1. As a footprinting exposure proxy, order 87, 7 by other Cβ within 10 Å, with the fewest listed first.
2. Tell me, in nm to one decimal, what length is gained between residue 95 and residue 113 on full extension, where the rule is 0.36 nm per residue of separation less the Cα-Cα distance?
3. Would you mind checking which residues have amide H under 5 Å from residue 109's amide H? H placed 1.01 Å from N; only 5 or more apart, or other chain.
4. Under a point spin-label approximation (7 Å from Cα along Cα-to-Cβ), what is the residue 74-residue 51 distance to one decimal in nm?
5. What's the local net charge at residue 22, with K and R +1, D and E -1, over the other residues with C-beta under 15 Å away?
Amino acid sequence: MGYLPGEKIFCQIQIQNFALERISEISVSFVQRITYYDNLASKVMVAVLDEQGHVCDSTNGLTRWDLSIPIPGKLMPSFGNGRKCIEVNYFLQVRVEGKSSINGEREIIIGTTRNAESSEPLDVMECRRVSVDSLWDTMSVQSGSTNPPSYSELSSRRTSVDTLPPVYDSVVTDSAWLNSQILNVCK
C-alpha cells in the first residue's frame with residue numbers, strides 16, 4: 001500500500017507472546033534510507049523521520065498497540081529500485097524489547113498522487129488511513145487546478161503575420177539560398 005506526503009499511517013501492532021516472557025517496550029520508527037551509487041562504491045544515508053514508543057510491561061499472551069505515524073508534508077517520493085544512481089526507500093521499523101529483543105521492518109511506498117485510473121471512492125478502511133487534512137488537500141488540488149492555456153490562447157501569441165511560423169517551402173528555399181551564399185563567400 002502506498003501513501004502520500006501529509007497522510008498518516010495507521011498501524012496496529014499485535015505481538016503473540018507464546019513464551020510468556022516479559023515485554024517491556026515496543027518502538028516503531030519511520031525511516032528514510034537514501035542510497036547513492038558510484039561505479040565502485042555506494043553510500044547509504046539513514047534518517048529517522050518519526051519514532052514512537054509504547055511501554056507495556058506485559059507478560060500476557062497477546063499485546064496490542066494502535067498508533068498513527070504522520071508522514072511529513074514535504075517528503076521525496078520512493079524511487080529508484082534497481083537504478084544505478086540513487087534509491088530512496090522508506091520503512092517502518094519495529095523493535096520489541098524484553099528479555100531479548102526482536103527487530104523487523106516493512107517497506108512503505110511514498111508516492112506523489114493518487115492512482116488516476118481508480119475512479120472508485122475510497123473504502124472505509126482506506127478513509128481511516130487518510131487524515132482529514134490530507135484528504136481535503138487532495139480534493140482541493142483536484143477541484144481547484146486547471147490546465148494552463150494552450151500556446152495559441154496566450155495574449156502574447158495572438159495570430160498575426162509576425163507570429164505565424166514560416167512555410168516549409170520558404171525555409172527549404174531560404175536555406176538553399178543561404179548555403180549557396182556561404183559557398184560563394186568561401187571561394
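Every number in this text was worked out from the coordinates using simple rules, so none of it is lab data. Note that the coordinates shown come from a computational prediction; the quantities given were computed from them, not determined experimentally. FYI the Cβ positions are ideal-geometry reconstructions off the backbone, even for glycines, and counts take in every protein chain you see.
1. Final ranking by Cβ density, sparse to dense: 87, 7.
2. 3.4 nm
3. 3
4. 2.4 nm
5. Values: positive: 99; negative: 21, 25, 57, 97.
For residues surrounding residue 22, the net value is -3.
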